[in-house]
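Just below is one structure, and these are the notes that go with it.
The values are calculated or read from the model by the stated rules, or taken from the named source; none is laboratory data. Please read all numbers here as calculations on a predicted model, not as lab measurements. Reconstructed Cβ throughout: ideal geometry from the backbone, glycine too, with neighbour counts over all protein chains shown.
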Amino acid sequence: MSATTTTPITPAHGERVHPRAAGFIADWRTVSLRALRLTWRDPEAFGPALAIPLFFFVVNVGALQSFVEVSFPAGFDYKAFQLPVAVVFAVTGVSRANSLVIDIRDGYLDRLLLTPVRRGTLLLGLMTADFVLIVALALPVMILGLILGIHVATGVAGILLFVLIAGMWGLAFTGFPYAIALRTGNPTAVNNAFLLFFPFAFLTTAYLPEEAMTGWLATAAKFNPTTYLLGAMRALLQTGWAWGEIGKGLLAIAGIGLLSFGLAFRSLRGRVNRG
């Protein structure tokens with residue numbers, strides 16, 4: 001990123017100077033800071049990502065809390081049960097993939113590829129900005145839950161891990177829209193990437209505990225990584241340091257991350273090769 005052309009530069013004394021790579025950290029930092037600056041200049045892009053989950057959280061709790069809690073043992077808190085769902089909806093699909101499409105169409109990405117910038121940092125820098133934004137989206141939802149009286153069984157440390165898990169899940173999912181952006185350069189295709197999440201969202205324990213589910217839906221939920229993500233987050237809120245549940249959630253995040261990142265970096269390599 002420190003050089004913008006591969007053409008040798010001839011200084012006044014006549015010695016030819018070739019551009020050098022600035023280093024992985026410098027490239028990663030430069031891409032990250034640019035992405036963060038553009039993110040905060042475009043608040044309308046992430047406002048709905050926060051407003052819609054908060055709306056459905058309030059509506060679902062208001063409409064279903066009394067009905068659901070009366071069917072379960074005393075002490076079951078439907079607000080705490082629904083809070084992870086709201087957070088997951090808030091952080092899933094948040095990415096700079098649309099901005100990447102603009103960079104592709106404007107030729108900015110092609111110009112970057114003419115420089116010695118480390119290719120991997122072109123995605124890692126965007127993903128770093130995504131992670132910051134994802135955490136910023138998870139925090140207000142968490143704070144609303146605390147305001148509504150949710151008791152966190154694991155205390156302050158559990159709250160921090162809860163937000164971190166949300167951030168890691170949101171980051172793990174970003175690979176899918178980036179893969180689509182790099183392969184197609186099509187903003188409509190990128191916007192539709194969120195549709196990939198709908199099977200994860202509804203074929204799971206979003207509204208009822210696993211023990212209350214039957215038939216094919218119960219089977220689908222067992223194979224859905226979101227079930228284990230929600231289980232880990234709910235354990236932190238309601239159960240305590242249930243490391244078995246937390247570990248399953250972290251493994252689910254790792255599995256989605258390996259798949260989505262693999263697709264994204266493979267797509268980046270393909271675009272570099274085509275360029």
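When restricted to residues that are of a type in the set (Lys, Arg) and in a loop (DSSP other than H, G, I, E, B), the range 109-119 contains 1. Considered as a group, the residues in the range 44-61 that are over 17 Å from the mean Cα position of the chain (by Cα) and not aliphatic (A, V, I, L, M) include one that is surrounded by the most Cβ atoms within 10 Å (Cβ to Cβ), and that residue is Phe57. Considering Val31, Val85, Val17, Val101, the condition of being touching a Pro at 6+ places or on another chain (Cβ under 7 Å) and at pLDDT 90 or above is satisfied by Val101 alone. Consider the range 93-129 and keep the residues that are among the charged types (D, E, K, R) and out of contact with any Leu (no Cβ under 7 Å at 6 or more places or on another chain). The one that is surrounded by the fewest Cβ atoms within 10 Å (Cβ to Cβ) is Asp106. Note on the range 91-108: residues that are part of a helix (DSSP H, G or I) and within 15 Å of Ala193 (Cα to Cα) total 6.
Among the residues making up the range 71-104, those that are small (Gly, Ala, Ser) and closer than 30 Å to Asp42 by Cα are Ala86, Ala90, Gly93, Ser95, Ala97, Ser99. Thr204 meets the conditions (1) surrounded by 15 or more Cβ atoms within 10 Å (Cβ to Cβ); (2) closer than 28 Å to Lys79 by Cβ; (3) out of contact with any helix residue (DSSP H, G or I) (no Cβ under 6 Å at 6 or more places or on another chain); (4) among the polar types (S, T, N, Q) in every case but one. The failed one is (3). Given the options Phe55, Phe76, name the one that is at pLDDT below 90, hydrophobic (A, V, I, L, M, F, W, C) and either in contact with a Gly (Cβ under 7 Å, 6 or more places away or on another chain) or assigned to a loop (DSSP other than H, G, I, E, B) (or both). Going through Phe55, Phe76 in turn, the sole match is Phe76. Against the conditions (1) modelled with pLDDT of 95 or more; (2) of a type outside the set (Val, Ile, Thr); (3) farther than 30 Å from Arg119 by Cα; (4) surrounded by 16 or more Cβ atoms within 10 Å (Cβ to Cβ), Gly257 satisfies every one except (3).
Restricting attention to the range 222-250, which residues are more than 30 Å from Val156 (Cβ to Cβ) and assigned to a helix (DSSP H, G or I)? Lys222, the sole residue that qualifies. When the range 185-221 is filtered for residues that are assigned to a helix (DSSP H, G or I), without any contact (Cβ under 8 Å) to a residue 24 or more places away in the chain and within 22 Å of the chain's Cα centre (by Cα), the ones remaining, listed by number, are Thr188, Ala189, Asn192, Leu195, Leu196, Phe198, Phe202, Ala221.
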